[in-house]
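Heads up: the structure comes next, in structure tokens.
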Amino acid sequence: MLGIESSCDDTSAAVVVDGILRSNIIASQSVHEEYGGVVPELASRAHQQNIVPVVDAALRHAGVTPADLSAIAFTRGPGLLGSLLVGTSFAKGLSLALRVPIVDVNHLHGHVLAHFIRQNEADPVPEFPFLCMLVSGGNSQLILVRDCFDMEVIGRTIDDAAGEAFDKCAKVMGLPYPGGPHIDRLAAEGDATRFDFAKPRIPGLDYSFSGLKTSFLYTLRDETKVNPDFVRENMPDLAASLQRTIIEILMGKLSRAVKETGVTTVAIGGGVSANSGVRKAVADFCADKGITAFIPPRAFTTDNAAMVATAGYFKYLKGEFCPYNAVPYARVTI
Ligand code: KG4
């Protein structure tokens with residue numbers, strides 16, 4: 001199974017053989033850095049340049065040839081339409097040339113099923129049902145996973161995603177895009193109790209991060225403008241206090257969801273699950289409650305084709321193929 005991921009700004013291809021990952025190649029796009037965010041048109045063009053060498057490298061690293069492929073899985077959405085169109089069209093073209101079926105994968109299913117990526121036969125995978133906290137640049141969701149394709153979103157953000165909170169606050173601090181990893185690095189040297197930012201009071205299992213962003217901005221402002229001297233002098237403390245607040249918001253809802261569902265396994269996924277503080281908080285919480293934690297290797301937290309090939313492999317086993325008139329979709333939930 002060849003998997004192709006092109007939903008945002010990473011072009012990735014991976015090969016899974018009988019359920020075991022054999023290669024996972026990712027080409028990240030640096031073209032967006034100077035714009036402080038992903039520019040969709042530039043992303044599509046970079047995908048077009050990257051896709052052939054990335055697929056070629058994935059096949060070579062896996063030690064397979066195109067003729068060995070049984071099927072091709074691709075991310076159909078949600079994501080940037082132009083970017084998705086590159087992966088979708090490439091998958092269709094290659095499938096017609098090789099006379100093998102295509103399998104469409106929901107990107108969010110992919111992030112959840114990243115926990116089923118196995119590099120060795122003995123690698124453990126979660127038992128159903130489990131709770132997955134999916135936190136990325138575009139999503140913050142709590143998902144009750146009953147089966148590979150039976151998932152229910154039981155909590156979601158009502159405004160910004162957790163990754164957006166990291167990135168937007170980092171942007172006002174003058175840090176490069178995406179800011180999440182920079183906040184993570186700076187937070188390690190800062191005093192997390194130095195600043196207090198607003199925390200939302202949203203009922204149920206839903207999240208909100210936009211109030212935190214506003215409260216953060218007000219802390220940095222001197223009357224009407226961000227005070228650059230204040231930011232420079234307090235960088236690590238600001239980063240550490242911001243990270244602590246985001247983690248407290250995430251963990252508050254996760255803990256409530258565990259109580260309400262009674263699950264005994266918790267998994268995390270998405271770009272923000274690469275954050276050292278989030279990983280530690282989830283590991284500590286699970287150890288304390290005596291529940292099993294699935295914290296993915298960092299390479300499988302952000303966008304990657306290994307999760308697409310893995311999710312595609314499960315659909316392939318069920319015989320669920322995709323027609324050639326299928327088009328990408330920009331938005332969809334689980
Ligand atoms: O899953 P992902 O690669 O794709 C999108 O949804 O775009 O997630 C990217 C997000 C960005 O917001 C990025 O800042 C955040 O994940 N991220 C992190 C860290 N690594 C990536 N946030 C906090 N700490 C990190 N170490």
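The values are calculated or read from the model by the stated rules, or taken from the named source; none is laboratory data. It should be emphasised that the depicted structure is a prediction, and the values quoted were computed from it without experimental measurement. Cβ coordinates were reconstructed from backbone atoms using ideal geometry, including for glycine residues, and neighbour counts include every protein chain displayed. Areas reflect the complete protein model, heavy atoms only, side chains present, ligands, DNA and RNA absent. Shrake-Rupley method; radii C 1.70, N 1.55, O 1.52, S 1.80 Å.
Run the accessible area of region 130-295 with a 1.4 Å probe and give the carbon-and-sulfur part as a rounded percent.
Working: 3620 of 7220 Å².
Reported share for carbon and sulfur atoms: 50 percent.
A Förster radius of 35 Å, combined with the Cβ-Cβ distance separating Val327 from Lys225, puts the computed FRET efficiency at roughly 0.20. Note on Arg185 and Asp284: the model spin-label points, each 7 Å out from Cα along the C-beta direction, lie 2.4 nm apart. The residues of region 130-295 expose on average 43 square angstrom of accessible surface per residue, using a 1.4 Å probe on protein heavy atoms. Cα-based values for region 130-295, radius of gyration first and Dmax second, are 16.0, 52 Å. Surface calculation, 1.4 Å probe, protein heavy atoms: Tyr329 sits at approximately 60 Å² accessible.
Helix-only estimate, please: 222 nm mean residue ellipticity of the chain, summing -39500 (n - 2.57) across DSSP H runs of length 4 or more and dividing by its residues, to the nearest 500. Mean residue ellipticity at 222 nm (helix-derived): -13500 deg cm²/dmol.
Legend: residues Arg232, Arg279, Arg256, sorted from most to least accessible area (1.4 Å probe; ligands, DNA and RNA excluded), read Arg232, Arg256, Arg279. Of Lys225, Lys213, the residue with the largest accessible area leads and the full order is Lys225, Lys213 (1.4 Å probe). Computed extension gain for Asp68 through Thr264, at 0.36 nm per residue and net of the alpha carbon distance, reaches 66.6 nm. Sorting the segments 174-182, 265-273 by their mean number of nearby beta carbons within 10 angstrom, highest to lowest, gives 265-273, 174-182.
Rounded to the nearest 20 debye, the dipole magnitude of region 130-295 is 120 debye, with +1 charges on Lys and Arg beta carbons, -1 on Asp and Glu beta carbons, and the Cα centre as origin. Between Ile268 and Met133, Phe294, the built amide H atoms are under 5 Å apart, and every one of these is 5 or more places off in sequence or on another chain. Could you give the distance between the Cα centres of region 295-334 and region 211-265, to the whole Å? Cα centroid to Cα centroid, the span is 31 Å. Taking amide H as placed 1.01 Å from N in the peptide plane, Tyr207 has its amide H under 5 Å from the amide H of Arg156, Thr157, Ile158, each at least 5 places away in sequence or on another chain.
Residues whose amide H falls under 5 Å from that of Arg118, counting only those 5 or more places apart or on a different chain, are Leu21, with hydrogens built in the peptide plane.
Computed from Cα atoms alone, the Kirkwood hydrodynamic radius reported for the chain is 20.5 Å.
Phi-derived couplings, Karplus 6.51 cos²θ - 1.76 cosθ + 1.60 at θ = phi - 60°, listed residue by residue for region 262-271: x, 5, 10, 9, 10, 10, 10, x, x, x Hz, with x used for Gly and Pro.
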